[in-house]
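The values are calculated or read from the model by the stated rules, or taken from the named source; none is laboratory data. Just so it is clear, the structure is predicted and the values come from calculations on it, not from any experiment. Cβ coordinates were reconstructed from backbone atoms using ideal geometry, including for glycine residues, and neighbour counts include every protein chain displayed. All accessible areas refer to the heavy atoms of the entire protein, side chains included, with ligands and DNA or RNA removed. Shrake-Rupley method; radii C 1.70, N 1.55, O 1.52, S 1.80 Å.
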Amino acid sequence: MNVATAIAFEPAALWIGTREGILVRLAATSAWGVRAFASGPIGALAVSDDGEALLAADATGAVAIVKTADGSVIDSLSCAAPVLQGKIVAPRTYVTVDNLRCGLVWSASGAGAIRSTPICKDGKTEVPFDRFGGGSARLTLLSAIDWMIWDRATNSVVSEHHPIDGMRLAYLDGLVGLTASGGHYFVHWDECLVIATETEEIAFEGAIVRRARCAALSDNARRLAVGARDGELVVVDDAQTQTIALRPSTHAIAEVVWQDGGARIGWLDVQGGFGVVDALSGAEIIDRAHGVALIG
């Protein structure tokens, strides 16, 4: 039986990575799967902006980039450790960061071999970080509760930002993250703040969701989706109101993701169940039982 371990949207479909190393594409009128890795769970998924390619990473550090049309392989990469996040930033240009906090840019010209370049602080000294957002020219690098703006042309950090004083965080259990574009940062700790990464201006602030385990900020930075330890999914918007609150699972929510444009939210729980929710009405488009049945 397939068990879901990763989730991502393309414009017309939903992708699920499984514990068995299989990629499953679920669309309105079709569903098919392709084996990406010989064994082991898929831990990270990312769809290109044009929806034509998908990056998948397994637990060993192996990365596969495939065509979304048929699952055929475009490129294969090998990282030194399991990849926490990957992104397709341009044709045959990728960014990865692994659980050793090592960031790499992978690129090739034409049909040439893929080569990796470490992401550096000053052109030569590697800079450790945890997650990232952005595109081919600049990235926002998340490091603990701080962030940096990195420029690809010079392979250097052009600014560092430390707006959250750690002394303000009264307990040791909170969430931070970035939008996909890297333009906004959120902290969901003793308070909920959304901040513009270039200017450090506060976009909005509000009350936190109790028992939070994971969160994702929509790319317009107006809505924060929060998954809770009791299986609840809550959306907080910039008017500081909870616009959606439902419990789609009886298990802790492990991951939430936004569809581009913010129309839908995908979620994954710790037991490998998943679903999709309409981001305006809160209606379940794919409930957990249907999701389990779809990937068989």
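Structure values in brief
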read-out	value
Residue, modelled with the lowest pLDDT, within region 223-235, restricted to residues that are touching a strand residue (DSSP E or B) at 6+ places or on another chain (Cβ under 6 Å) and open to solvent by 10 Å² or more (accessible area, probe 1.4 Å)	R223
Residue match in region 128-149 (condition: surrounded by 17 or more Cβ atoms within 10 Å (Cβ to Cβ), at positive phi and either among the aromatic types (F, W, Y) or in a strand (DSSP E or B) (or both))	yes
Scope region 42-67; condition polar (S, T, N, Q) and over 20 Å from A108 (Cα atoms); matching residues	T60
Count - residues of region 196-255 that are touching a Phe, Trp or Tyr at 6+ places or on another chain (Cβ under 9 Å), farther than 17 Å from G133 by Cβ and among the hydroxyl-bearing types (S, T, Y)	1
Candidates V95, V63, V89 - the one that is at pLDDT 95 or above and open to solvent by 10 Å² or more (accessible area, probe 1.4 Å)	V89
Set D70, D50: member being closer than 25 Å to S181 by Cα, part of a loop (DSSP other than H, G, I, E, B), acidic (D, E) and without any contact (Cβ under 8 Å) to a residue 60 or more places away in the chain	D50
Test result for R211, open to solvent by 60 Å² or more (accessible area, probe 1.4 Å), out of contact with any helix residue (DSSP H, G or I) (no Cβ under 8 Å at 6 or more places or on another chain) and closer than 28 Å to G272 by Cβ	yes
Residues of region 167-178 satisfying the condition of being open to solvent by less than 40 Å² (accessible area, probe 1.4 Å) and either charged (D, E, K, R) or outside any strand (DSSP E or B) (or both)	L169, G174
Total residues in region 226-274, condition of a type in the set (G, A, S) and in a loop (DSSP other than H, G, I, E, B)	9
Single match in L55, L45 (criterion: more than 22 Å from G112 (Cβ to Cβ), surrounded by 21 or more Cβ atoms within 10 Å (Cβ to Cβ), touching a residue at least 24 places away in the same chain (Cβ under 8 Å) and not aromatic (F, W, Y))	L45
Residue satisfying all of: in region 10-38; in a strand (DSSP E or B) and farther than 16 Å from A69 by Cβ; most open to solvent (accessible area, probe 1.4 Å) among these	R35
Given (1) loosely packed, with under 14 Cβ neighbours inside 10 Å; (2) touching an Asp or Glu at 6+ places or on another chain (Cβ under 6 Å); (3) closer than 18 Å to V89 by Cα, number of the condition S156 does not satisfy	(1)
